[in-house]
Amino acid sequence: MLTKRYEVQKGPEGYLPPAAAMMGIVPSEPGTSLVEGQMVLQETAMEKVADALLQAKNPVFFPGPLILWAWKEGVEEKAQAIKELADAAGAKIIPMPDYRPKYPMINPEIEINPNHPNLTIWHNNIDVCLFVGVHCHYANIALKLIRGGTDCYTIALCAEAGHEDAMISLRDVGLDQIRQITEIVKKRKETQK
Amino acid sequence: MRNLFQVSAAFEDIMPAEYKSLIENGPFGGDKGVTDLGTFKELLEEHPLCAGCGLALSLRLILASLPNPEHTIIVGSTGCSALAFPQAAVHNIHSLFGNQNAVASGLKRALSLRFPDVVKDVVVIAGDGATADIGLDMVMHSWFRQERITTIMLDNEAYANTGGQESGMSQEGAVLNMAPKGKNFSKISVPELAWASGCAYVAAVTPANPRKLQSAVRRGILAARETGSSYIQVYSPCPTNYKFKPNQTIEKVKSREKDGTYQVREYISDEAQLLFDRLEEVKNG
């Protein structure tokens, strides 16, 4: 039985870290989010996302196939909103176009792969990353691997139920929520001037 | 193909070149074939298979022969080919060893319900162990049921990535690392089994004749769309386990064809022949 509440903190946690779900972290309720494993109001989590991005030395967005490819109506708008958020936060964007475990290896300079995400994080010295548009299964794998092998702080903007393995996990994220985070980032930057 | 595969405009500048190349100069759209190899971005480029692997060559030719790769789902199984499929830029599913035709049957039926207005080709590509030994019951029952799928066997006549055991497709007398006394019975005649099981189109081909291989793959897939199950066997010799030099793979194929121990052959049902004739007429205007 767990005696201490598990906190989803940045790693490196070591080889084969436990899935946060195994340590008792459950998905947040609709309207709420997870920050380091604790359920908070979504607005609070949005503030935390803005803080993490603006305090980072090298924040990077990892858009996945669900947003990189314009496969259905509405994706283009969401992609544009993510680009605007990245620009506002001064973040670089490195894509995850598909999930093939490429042989002999990916080029970590220009892409990230969920099967060995650490290569891209180590190569580019990324200290904060943001996942968006990555299918649930691969997001969970990659987020766990990152926690296991790097000290990168992870954020997941998820259109579904969120990802317990991210340090900040927002669920049900649509166009409005992305724009809301962008506004918070812009306001923070204004007050920092 | 930009309608089907389109990068979100906001991310066009950061998309790696290989993906842009697949969209702009890939095989999608069905107008590329084996004679165009070297002029377009292929679905499978780098892979971890052995030097001179006959299976890798066959796979490359099969993928270049797909009539509609953007709407093709490949179902694979355990074996050497399973090492290459994850690298291929085409939808593929790895099934449990031997289950591939059962998985493909369900997948084809589900796709027909989900996309009633789009033709989705479900193509099983598996080794001889998965097709003729461990999965033979699933394979044959899919044929008995006339599932609208194409089954392609990459026949390297061995369990090649587990040290070299004999398979049902090894020749009688074949000596392998894990079969030192030589195989005691003959190679299974799977094309004849497929024909007797009711397949509408059956072919045994080799990578030594890419055009013939392409024709078989396309006929097999077209027959599966319109008439019933189809089966294609591709002899893909293994230099690692049969201990010949990697640059002798095609030579090996040709010598087996010449001495009659691997016979290229084709069986076409009347219904499938009518279909091919009709398509040929349309093609020729």
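The values are calculated or read from the model by the stated rules, or taken from the named source; none is laboratory data. Remember, predicted model here, so these are calculated numbers, not experimental data. Cβ: placed from backbone, ideal geometry, glycine included. Neighbour counts: every protein chain shown.
The residues of the range A:29-84 that are of a type in the set (G, A, S), within 14 Å of chain B (Cβ to nearest Cβ) and in a helix (DSSP H, G or I), listed by number, are A:A79, A:A81.
Just to be sure, is B:L176 among the hydrophobic types (A, V, I, L, M, F, W, C) and farther than 21 Å from B:V205 by Cβ? When the stated conditions are applied, B:L176 passes them. Taken together, the residues in the range B:214-249 that are among the β-branched types (V, I, T) and without any contact (Cβ under 8 Å) to a residue 60 or more places away in the chain amount to 1. Look at (1) more than 9 Å from chain A (Cβ to nearest Cβ); (2) assigned to a loop (DSSP other than H, G, I, E, B) and you find that B:K20 fails only one, number (2).
Considering the conditions (1) crowded, with 22+ Cβ neighbours inside 10 Å; (2) in contact with a helix residue (DSSP H, G or I) (Cβ under 7 Å, 6 or more places away or on another chain), B:V119 is excluded by exactly one of them, (1).
Scanning the range A:85-107 for residues that are within 9 Å of chain B (Cβ to nearest Cβ), surrounded by fewer than 18 Cβ atoms within 10 Å (Cβ to Cβ) and assigned to a loop (DSSP other than H, G, I, E, B) returns A:D98, A:R100, A:P101, A:Y103, A:P104, A:N107.
In the condition set (1) surrounded by fewer than 17 Cβ atoms within 10 Å (Cβ to Cβ); (2) more than 19 Å from the chain's Cα centre (by Cα); (3) at pLDDT 95 or above, B:L37 is compliant with all but (2). Is at least one residue of the range B:60-70 within 14 Å of chain A (Cβ to nearest Cβ), touching a residue at least 12 places away in the same chain (Cβ under 8 Å) and exposed (fewer than 13 other Cβ atoms within 10 Å of the Cβ)? No, the range B:60-70 contains no residue that is within 14 Å of chain A (Cβ to nearest Cβ), touching a residue at least 12 places away in the same chain (Cβ under 8 Å) and exposed (fewer than 13 other Cβ atoms within 10 Å of the Cβ). When the residues of the range A:108-138 are filtered to those that are part of a loop (DSSP other than H, G, I, E, B) and within 12 Å of chain B (Cβ to nearest Cβ), which remaining residue is surrounded by the most Cβ atoms within 10 Å (Cβ to Cβ)? Among them, the one singled out is A:I112.
Just to be sure before I move on: is B:E46 surrounded by fewer than 17 Cβ atoms within 10 Å (Cβ to Cβ), over 30 Å from B:S215 (Cβ atoms) and either within 10 Å of chain A (Cβ to nearest Cβ) or modelled with pLDDT of 90 or more (or both) in the structure I sent?
Considered against the rule, which asks whether it is surrounded by fewer than 17 Cβ atoms within 10 Å (Cβ to Cβ), over 30 Å from B:S215 (Cβ atoms) and either within 10 Å of chain A (Cβ to nearest Cβ) or modelled with pLDDT of 90 or more (or both), B:E46 comes out as no.
Can you work out which of the residues in the range B:257-285 that are more than 20 Å from the chain's Cα centre (by Cα) and among the basic types (K, R) is surrounded by the most Cβ atoms within 10 Å (Cβ to Cβ)? Step by step, filter the range B:257-285, then rank; the result is B:R278. Just a yes or no: is a residue in the range B:90-113 within 14 Å of another protein chain (Cβ to nearest Cβ), part of a loop (DSSP other than H, G, I, E, B) and in contact (Cβ under 8 Å) with a residue 12 or more places away in the chain? Within the range B:90-113, one or more residues are within 14 Å of another protein chain (Cβ to nearest Cβ), part of a loop (DSSP other than H, G, I, E, B) and in contact (Cβ under 8 Å) with a residue 12 or more places away in the chain. Determine if the range A:19-27 includes at least one residue that is modelled with pLDDT under 95, part of a helix (DSSP H, G or I) and touching a Pro at 6+ places or on another chain (Cβ under 9 Å). Yes, the range A:19-27 has at least one match.
Residues that are under 18 Å from A:V35 (Cα atoms) and either surrounded by 15 or more Cβ atoms within 10 Å (Cβ to Cβ) or of a type in the set (K, R) (or both) within the range A:5-17 comprise A:R5, A:Y6, A:V8, A:K10, A:G11, A:E13, listed in sequence order. Here A:A142, A:A156, A:A166 are screened, and the one residue that is assigned to a loop (DSSP other than H, G, I, E, B) and among the hydrophobic types (A, V, I, L, M, F, W, C) is A:A166.
Which ones in the range B:207-256 are of a type in the set (F, W, Y) and either in contact with a His (Cβ under 9 Å, 6 or more places away or on another chain) or surrounded by fewer than 24 Cβ atoms within 10 Å (Cβ to Cβ) (or both)? Residues satisfying the conditions are B:Y242, B:F244.
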